[in-house]
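The values are calculated or read from the model by the stated rules, or taken from the named source; none is laboratory data. Worth saying up front: this structure is predicted, and the values here are computed from it rather than measured. All Cβ positions, glycine included, derive from the backbone under ideal geometry; neighbour counts span all protein chains shown. In case anyone asks, the SASA skips ligands and DNA or RNA and just uses the protein heavy atoms, side chains included. Shrake-Rupley method; radii C 1.70, N 1.55, O 1.52, S 1.80 Å.
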Amino acid sequence: MKVGVLSDTHLRVPDESFKRLMRERFSDVDAVIHAGDIVSPVVLDYLSAWELYAVAGNIDGWEITQHLPEKRVISLGGKDIGITHGGGAPGGLEERVLSAFNTVSCIVFGHSHNPVNKIKDGVLLFNPGSPTDPRYAKKNSIGYLTIGEDITGEIVYL
């Protein structure tokens, strides 16, 4: 199973660049995870064309938070995946998201706009970075999770 992963899109509308990214990079995925800071219900509606699992981020307003939780656990391909945006200062973000879930195989998070793909305490910590941020991301990026016997992550720089 292949899952496309996004976070921190910060878009008011799905512009042509974002639509092209979704068509080109996520045409073959089984599902999409968005780890928050979607910003606009128009973008959320657009993403709903995929099998979407999303959470609200720290800058998502009422129009998003009325539809999405701050964190959730989903099961894909027999693996439990925690999804949260994260928050607070960048220092300690990984520890905070790790402590937010019990017994999951993977935690998908965002907030920092910079990618993470590593195992910590037996859990895959996966932050896809931001595909659209022009200021805080070192490089724009997305990610993929591959779920089989194990779960692995891949960061793709745009």
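Consider region 89-133. How many of its residues are in a strand (DSSP E or B) and touching a residue at least 40 places away in the same chain (Cβ under 8 Å)? Step through it out loud before you land on a result.
From region 89-133, those in a strand (DSSP E or B) are 106-108, 116-120, 123-127; that's our starting set.
Next, from what is left, pick out any that are touching a residue at least 40 places away in the same chain (Cβ under 8 Å): 106, 108, 126-127.
Going through region 89-133 one residue at a time, the tally reaches 4.
For region 134-150, what are the residues that are open to solvent by less than 40 Å² (accessible area, probe 1.4 Å) and either within 14 Å of the chain's Cα centre (by Cα) or within 16 Å of ILE83 (Cβ to Cβ) (or both)?
At the first step, the residues of region 134-150 found to be open to solvent by less than 40 Å² (accessible area, probe 1.4 Å) are 137, 141-145, 147.
The answer is SER141, ILE142, GLY143, TYR144, LEU145, ILE147.
Quick one: in region 86-132, of everything that is under 29 Å from ARG20 (Cβ atoms) and of a type in the set (Phe, Trp, Tyr), which residue is nearest to the chain's Cα centre (by Cα)?
The selected residue is PHE109.
Can we say GLY91 is modelled with pLDDT under 95, exposed (fewer than 15 other Cβ atoms within 10 Å of the Cβ) and on the phi < 0 side of the Ramachandran plot?
Details: modelled with pLDDT under 95: yes; exposed (fewer than 15 other Cβ atoms within 10 Å of the Cβ): yes; on the phi < 0 side of the Ramachandran plot: yes.
Yes: the conditions hold for GLY91.
Just name the residue that is nearest to ILE83 (Cα to Cα) out of those in region 1-48 that are without any contact (Cβ under 8 Å) to a residue 60 or more places away in the chain and in a strand (DSSP E or B).
Here the residue is HIS34.
Of the residues that sit in region 55-73 and are assigned to a loop (DSSP other than H, G, I, E, B) and among the aliphatic types (A, V, I, L, M), which one is surrounded by the fewest Cβ atoms within 10 Å (Cβ to Cβ)? Break it down into steps so the answer makes sense when it comes.
As a first pass, look at region 55-73 and keep what is assigned to a loop (DSSP other than H, G, I, E, B): 55-61, 66-70.
Filter once more, so that each one left must be among the aliphatic types (A, V, I, L, M): 55-56, 59, 68.
Numbers: VAL55: 27, ALA56: 24, ILE59: 15, LEU68: 21.
Here the residue is ILE59.
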